[in-house]
Amino acid sequence: MINKFVSSVAEALAGTADGATVMIGGFGTAGIPDELIEGLLAQGARDLTLVNNNAGNAEQGLAALLKAGRVRKVICSFPRQTDSYVFDGLYRSGQVELELVPQGNLAERIRAAGAGIGGFFTPTGYGTDLAKHVDGSLKETREIDGRMYVYETPIYADLALIKAERGDRWGNLTYRKAARNFGPIMAMAARKTVATVHEQVALGELNPESVVTPGIFVQAVVKIDRVATQAGGIKA
Amino acid sequence: MSYTRRSKDELAARVAQDIPEGATVNLGIGQPTLVANHIPADREVLLHSENGILGMGPAPAKGQEDYDLINAGKQPVTLLPGGAYFHHADSFAMMRGGHLDICVLGAFQVSATGDLANWHTGEPEAIPAVGGAMDLAIGAKQTWVMMDLLTKQGQSKLVQACSYPLTGIGCVKRVYTDLATLACTPQGLVVIDKVEGLSLQALSELIGLPLSQ
């Protein structure tokens with residue numbers, strides 16, 4: 001019998017290696033898998049590369065991982081938030097590396113990894129500082145039908161941590177509102193995807209027409225009691 | 001002759017006036033968000049938010065906030081009947097794929113030919129953050145900028161060439177400011193309208209660039 005439900009976060013995250021690339025879902029406050037991030041903190045893996053849209057709020061979640069010195073590099077689109085002071089400090093003192101990626105390129109690079117695409121040409125960022133490699137050299141460009149494009153590579157991960165709403169034992173998932181954000185594509189891009197759900201349902205209970213992430217992209221599911229998503233990082 | 005600057009709400013209303021019935025629009029973080037308040041009630045306009053919402057509604061009543069339903073500025077919003085949620089790759093495909101009609105953004109600088117600088121001041125201490133700015137700038141069928149014409153120091157934000165790091169090249173079609181509305185064209189700036197009492201010559205002097213009408 002296939003049963004992807006595991007009884008605890010600790011069990012789901014056991015074996016996460018030092019140096020792993022970990023994708024973490026969430027945009028702003030919506031869709032952040034808080035319990036899984038806490039679990040990763042407890043699990044102890046170090047030297048991590050985190051892939052997320054942001055770089056942590058206040059002192060919880062991603063910020064706690066950063067503060068604990070467990071993160072070598074952050075790949076994200078928007079590290080600066082009103083309460084992102086933990087990242088700000090580490091970045092300014094050179095203790096964490098940043099790869100800044102336009103949000104749509106970030107999403108598409110993640111999607112490409114999950115879809116087996118070896119990269120793509122995008123118009124986003126052409127002619128800007130983000131069409132350069134970290135060493136300052138220009139990324140490959142190409143003119144296609146009179147328009148200029150930049151070549152971007154896929155982003156693969158060893159582990160994806162995502163927050164869903166309902167799931168069954170085959171790992172089929174649905175999400176809640178804008179908390180969906182990066183979940184479905186990160187689930188595709190990682191060798192191992194761990195999802196939390198607030199509702200565990202029997203096979204057949206999710207409408208097959210409405211499954212958002214088919215179970216093939218999910219390796220472990222943990223049921224977590226619902227806690228209302230909190231405000232945070234709001235930019236006036 | 002004296003003239004009065006458009007207030008933030010007057011400027012938002014001026015932008016809203018040009019958004020046609022049936023348009024799909026993304027309003028950027030900050031001042032552009034105000035435009036939503038000025039779209040006439042009898043005009044059906046679909047608002048897109050890059051975190052995965054189409055058919056976004058106004059802010060919820062106090063106490064009704066749901067922090068799983070936020071806009072790109074992380075502020076709580078609502079969903080209109082008929083609205084939809086989708087993941088990030090689909091959301092940015094809507095932009096990059098040219099499916100959005102209009103995107104309204106703020107800016108540090110815009111060049112006469114429509115180069116946009118709005119993501120980074122380039123100062124060494126500033127934490128660089130780009131979000132969806134570069135995708136929005138080049139993705140929508142029309143990119144409009146909404147900003148004060150002058151900085152607090154009185155320098156024009158419409159320039160010959162941007163000195164701040166670029167967000168996109170030649171992507172801005174129109175600039176709505178507190179003093180005038182202008183089109184960016186390969187030939188330079190064209191005045192669409194200006195506040196009463198401001199002459200073309202005075203506007204041209206403020207901007208420091210030739211203007212056509």
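Throughout, read-outs are computed from the coordinates displayed, never taken from laboratory work. If you're wondering where the values come from, they're calculated on a predicted model, not measured in any experiment. Cβ placement follows ideal geometry from the backbone for every residue including glycine, while neighbour counts extend to all protein chains displayed.
Beta-bridge orientation, the protein assembly as shown: approximately 40 percent antiparallel, per DSSP, counting only bridges with both partners inside. Which of these, A:Gly25, A:Gly136, A:Gly69, has the largest mean-square fluctuation under a Gaussian network model of chain A (Cα springs below 10 Å)? Maximum among the listed residues: A:Gly136. Compared with the dominant Cα axis of chain B, that is its longest principal axis, helix B:8-17 is turned about 80°. With the simple spin-label model, which puts each label point 7 Å out from Cα in the Cβ direction, the B:Ser212 to A:Asp18 separation comes to 6.6 nm. Given springs between every Cα pair under 10 Å in a Gaussian network model of chain B, which of B:Gly57, B:Gly154, B:Gly132 has the largest fluctuation? Comparing B:Gly57, B:Gly154, B:Gly132 in the GNM, the peak value goes to B:Gly154. Over the C-alpha trace of the stretch A:65-110, radius of gyration and Dmax come out as 11.1, 30 angstrom.
When a/c reaches 1.5 or more, the comparison of a/b and b/c decides; with that in mind, is chain A rounded, prolate or oblate per its Cα gyration tensor?
Numbers: a/c = 1.82, a/b = 1.30, b/c = 1.40.
The shape class here is oblate.
Return A:Trp170, B:Trp144, B:Trp119 ranked ascending by Cβ neighbour count within 10 Å, so the fewest neighbours appear first.
Numbers: A:Trp170 17, B:Trp144 22, B:Trp119 28.
Final ranking by Cβ density, sparse to dense: A:Trp170, B:Trp144, B:Trp119.
Using only the Cα atoms of the stretch B:1-140, construct the convex hull and provide its projected area averaged over every direction, in square nanometres to one decimal. With every direction weighted equally, the projected area is 11.5 nm².
How big is the charge dipole of the stretch B:62-126 about its Cα centre, in debye rounded to the nearest 20, if each Lys and Arg gets +1 on its Cβ and each Asp and Glu gets -1 on its Cβ? Let's see the in-between values first.
Details: 3 positive and 8 negative charges, 28 e Å.
Dipole about the Cα centre, nearest 20: 140 debye.
Not counting the cut sites, what is the longest span of chain A without GluC sites (Glu not before Pro) that DSSP labels loop and that have at most 16 other Cβ atoms within 10 Å?
On the way: sites that count: A:Glu59, A:Glu140, A:Glu205, A:Glu209.
With a cap of 16 other Cβ atoms within 10 Å, the longest stretch comes to A:60-139.
Tell me whether the protein assembly as shown comes out rounded, prolate or oblate; compute the Cα gyration tensor, take square roots of the eigenvalues as a ≥ b ≥ c, and use a/c under 1.5 as the rounded threshold. Cα axes put the protein assembly as shown in the prolate bin.
In straight-distance terms, cross-link reach from A:Lys4 covers every one of the lysines whose alpha-carbon lies under 28 Å from its own, apart from those fewer than eight places away in the same chain; here that gives A:Lys163, A:Lys177, A:Lys192, A:Lys223. Note on B:95-102: average number of Cβ atoms from other chains within 10 Å of each residue's Cβ is 1.
Taking every DSSP bridge with both residues inside chain B, close to 50 percent are antiparallel. Say we join alpha carbon atoms closer than 10 Å with springs in a Gaussian network model of chain A; which of A:Gly44, A:Gly28, A:Gly127 then has the biggest fluctuation? Highest fluctuation of the listed residues: A:Gly127.
By the rule of a C-alpha distance below 16 Å, with chain neighbours fewer than 8 residues away ignored, the aspartates and glutamates paired with B:Lys152 are B:Asp178. Peptide B:121-128 is shielded by partner chain Cβ atoms: per residue, an average of 3 of them sit within 10 Å of its Cβ. Per residue of peptide A:116-128, the mean number of Cβ atoms on other chains within 10 Å of the residue Cβ is 5.
Maximal additional length on extending the B:Gln187-B:Lys173 stretch stands at 3.8 nm, based on 0.36 nm per residue less the C-alpha distance.
In this simple spin-label model, placing a label point 7 Å from the Cα along the Cα-to-Cβ direction at both B:Ala61 and A:Gln230 gives a separation of 2.7 nm.
Given R₀ = 35 Å, what would the calculated FRET efficiency be for A:Ser93 paired with B:Ser204, taking r from the Cβ atoms and rounding to 0.05?
On the way: r = 47 Å, r/R0 = 1.35.
Efficiency computed from Cβ-Cβ geometry: 0.15.
According to the square roots a ≥ b ≥ c of the eigenvalues of the Cα gyration tensor, what is the shape class of the stretch B:99-213, taking rounded for a/c under 1.5, prolate for a/b larger than b/c otherwise, and oblate for the remainder? Taking the square roots of the gyration eigenvalues as a ≥ b ≥ c, the stretch B:99-213 is oblate. Per residue of the protein assembly as shown, the DSSP helices (runs of n ≥ 4 H) give a summed -39500 (n - 2.57) that works out to -5000 deg cm²/dmol at 222 nm.
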